[in-house]
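The values are calculated or read from the model by the stated rules, or taken from the named source; none is laboratory data. These numbers come from a predicted model, not from an experiment. Cβ coordinates were reconstructed from backbone atoms using ideal geometry, including for glycine residues, and neighbour counts include every protein chain displayed.
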């Protein structure tokens with residue numbers, strides 16, 4: 001219980017005894033911030049009022065600014081008691097029908113010349129609200145200070161302090177982009193390098209080389225080291241022309257190509273592949289000297 005909130009609620013005037021009882025019950029259960037979360041059943045037990053009377057009192061207190069309600073799904077409603085914001089002028093006045101019922105005897109019949117009541121039912125062929133009155137729009141907001149009717153769970157989900165959320169924008173479907181359109185220059189160079197290597201390999205050994213994730217990673221590193229344009233040519237040169245013993249023994253493994261990528265690129269550029277036999281090395285060296293002299 002917050003004595004601060006309780007002390008601010010007791011002097012408030014301009015409300016009915018039922019409304020005052022509900023307000024004091026909320027203040028009695030609130031903390032110093034004015035927040036509490038009792039159920040309607042708890043309020044009916046504490047105030048000795050009916051459930052309908054408690055709900056009507058809560059709606060009136062909220063419209064008058066003395067209480068703010070925060071609705072939460074599948075859990076208790078939060079109430080914040082705000083006595084400093086109380087203004088009974090904001091609350092809706094009592095209906096004329098209820099006032100008339102209080103003044104008129106229950107079984108009294110109207111006189112023959114008595115004027116019809118202001119809220120009496122109109123004749124069957126009478127136009128409601130005047131002949132030229134236009135009906136209110138279907139989505140018209142309720143009058144200020146009034147609560148919408150409760151739903152089947154007894155909760156009012158809209159108040160004057162709780163506007164409707166904005167409608168969700170329609171989701172625009174994004175068309176799938178073809179795989180070829182997503183291919184980058186690096187991916188294209190890797191594909192071309194592997195194609196050149198695989199074609200030379202199949203020509204030399206009569207079988208396709210093994211390709212897996214490890215091989216793909218090495219091809220990518222080769223392209224990044226030698227460049228997009230030269231990598232396919234160096235790969236084909238490596239398989240077709242290089243006859244080093246270790247390379248031949250390992251059947252022109254991609255790993256060996258990657259380990260000496262810059263050296264094989266130089267051999268490809270000069271047109272002198274590495275050879276395992278001294279006579280072949282001398283032959284390639286002489287050819288290279290001839291190229292330099294020319």
Exercise for review: Could you figure out which of (1) touching a residue at least 12 places away in the same chain (Cβ under 8 Å); (2) in a helix (DSSP H, G or I); (3) in contact with a helix residue (DSSP H, G or I) (Cβ under 6 Å, 6 or more places away or on another chain) isn't true of residue 14?
Suggested key: (2)
Point to revise | Residue count for segment 37-81, restricted to those that are assigned to a loop (DSSP other than H, G, I, E, B) and either in contact with a helix residue (DSSP H, G or I) (Cβ under 7 Å, 6 or more places away or on another chain) or modelled with pLDDT of 95 or more (or both) | key: 7
Exercise for review: Could you pull out the residue among 229, 262 that is in a loop (DSSP other than H, G, I, E, B) and modelled with pLDDT of 90 or more?
Suggested key: 229
Review point. Is it the case that residue 273 is at pLDDT below 90, on the phi < 0 side of the Ramachandran plot and touching a helix residue (DSSP H, G or I) at 6+ places or on another chain (Cβ under 7 Å)?
Key: yes
**Study point:** Those residues of segment 69-84 which are surrounded by 13 or more Cβ atoms within 10 Å (Cβ to Cβ) and over 14 Å from residue 39 (Cα atoms), in sequence order
**Key:** 81, 82, 83
